[in-house]
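Encoded as structure tokens, the structure appears first; notes follow it.
The values are calculated or read from the model by the stated rules, or taken from the named source; none is laboratory data. Keep in mind it's a predicted model, so treat the numbers as computed, not measured. As a convention, Cβ positions derive from the backbone with ideal geometry for all residues, glycine included, and neighbour counts pool all protein chains shown. SASA here: full protein model, heavy atoms, side chains in, ligands and nucleic acids out. Shrake-Rupley method; radii C 1.70, N 1.55, O 1.52, S 1.80 Å.
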Amino acid sequence: MLDALKKSVARSALDYIPENSIIGIGSGSTIKFFIEELSTISKHIKGAVSSSCISEKWLKNFNIPIVDLNTLNSLDIYIDSADRVNYSMEMIKGGGGALTREKIIASVANKFLCIIDKSKYVSKFDNFPIPIEVIPMATKSVSREIIKIGGIPKYRKNFTTDNGNYIIDIHNLCIKNPINLESKMNNIPGIVSVGLFCKRKADLLLVSYFDKVKLISR
Ligand code: 5RP
């Protein structure tokens, strides 16, 4: 059921791809559907900057040229999904563990188009776990700091990021002010990236429902 919603939102995203552009590509199952859709118009784009090794593999399967971010000054658009999006277009990301590269690409993109199914669009983040990417030697020290701010850190077992780091999912945090929480956690030594995307939030949001795909912009 959710797969059908992911597919339909992925298809709708094609309408927002500028001709002859280089686009940023996120990670995850929604993006896998998007890459399949993108392959149908691959001649209309110059290439893609990928946020993960797995997305890169999927892009290569469809012969979509991979572009090194270091060769670009900016990107027209970054397309990615999220784990949760609130009504201010702030996001929780990192379910797939690719948050650091996703944040880097999002930071240089002129537009962030987020594509989600309706189950992820929420008024509040409540206690939804926040993933953080952590330097391996700092897992304990970071965990102690997380406990001090009321979080319960859970190590993601048997998972190493594309950057050779670990993921900790933080449970039990009261997320009243997401942007403040993002900058507070960004200051903890050893945290590479925080899965709160509030400072750089989405510009455009496509949400799929059973009968339609709704566009929300800010
Ligand atoms: C990966 C992400 C994904 O965008 C997020 O986890 C959503 O994934 P899916 O499309 O599989 O539901 O942030 O790091």
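The H on the amide N of S21, modeled in the peptide plane, is under 5 Å from the matching H of K46, each at least 5 residues off or on a different chain.
Taking the average, over residues, of other Cβ atoms within 10 Å as the packing measure, peptides 189-195, 37-43 rank 189-195, 37-43 from highest down.
The chain: longest stretch without exposed chymotrypsin sites (Phe, Trp or Tyr not before Pro) (DSSP loop, at most 15 other Cβ within 10 Å), sites themselves excluded? Counting only loop sites that pass the neighbour cut-off, the longest clear stretch is 88-158. In the full protein context, the chain carries 49 Å² of accessible surface per residue, based on a 1.4 Å probe and ignoring ligands, DNA and RNA. Remark on D117: its backbone amide H falls under 5 Å from those of S208, a criterion applied only to residues 5 or more positions apart or on other chains, H modelled at 1.01 Å from N. Considering only R200, R101, R156, the Gaussian network model of the chain with Cα springs below 10 Å gives its largest mean-square fluctuation to R156. Say we join alpha carbon atoms closer than 10 Å with springs in a Gaussian network model of the chain; which of D117, D80, D15 then has the biggest fluctuation? Greatest mean-square fluctuation among the candidates belongs to D15. The amide H of G94, built 1.01 Å from its N in the peptide plane, has D83 as neighbours under 5 Å, considering only residues 5 or more places off or on other chains.
Other residues within the sphere of radius under 13 Å centred on the Cβ of N177, judged by their own Cβ, net out at +2 (K and R +1, D and E -1).
Sorting H171, H44 on solvent-accessible area from highest to lowest, probe radius 1.4 Å, gives H44, H171. On the accessible surface of the chain, probed at 1.4 Å, how many percent belong to carbon and sulfur atoms? C and S atoms contribute 50 percent here. Find how many whole Å separate the alpha carbon centroid of the range 4-76 from the alpha carbon centroid of the range 192-212. Using only Cα atoms to place each centre, the spacing works out to 17 Å. For the range 82-125, backbone nitrogen atoms closer than 15 Å to the point 7 Å from I216 Cα along Cα-to-C-beta are found at 82-93, 113-125. Note on the range 130-195: Kirkwood radius taken over Cα pairs, Stokes-Einstein applied at 25 °C and 0.890 mPa s, translational D equal to 209 µm² s⁻¹. P(r) for the chain, from all Cα pairs and a bin width of 5 Å, is 1, 7, 16, 19, 20, 16, 11, 6, 2, 0, 0 %, short bins first.
Here is how the number arises for the chain: DSSP H runs of 4 or more residues each give -39500 (n - 2.57), the sum is divided by the residue count, and the result at 222 nm is -8000 deg cm²/dmol. Put a dot 7 Å past the Cα of E36, heading toward its Cβ, do the same for S183, and the two dots end up 4.2 nm apart.
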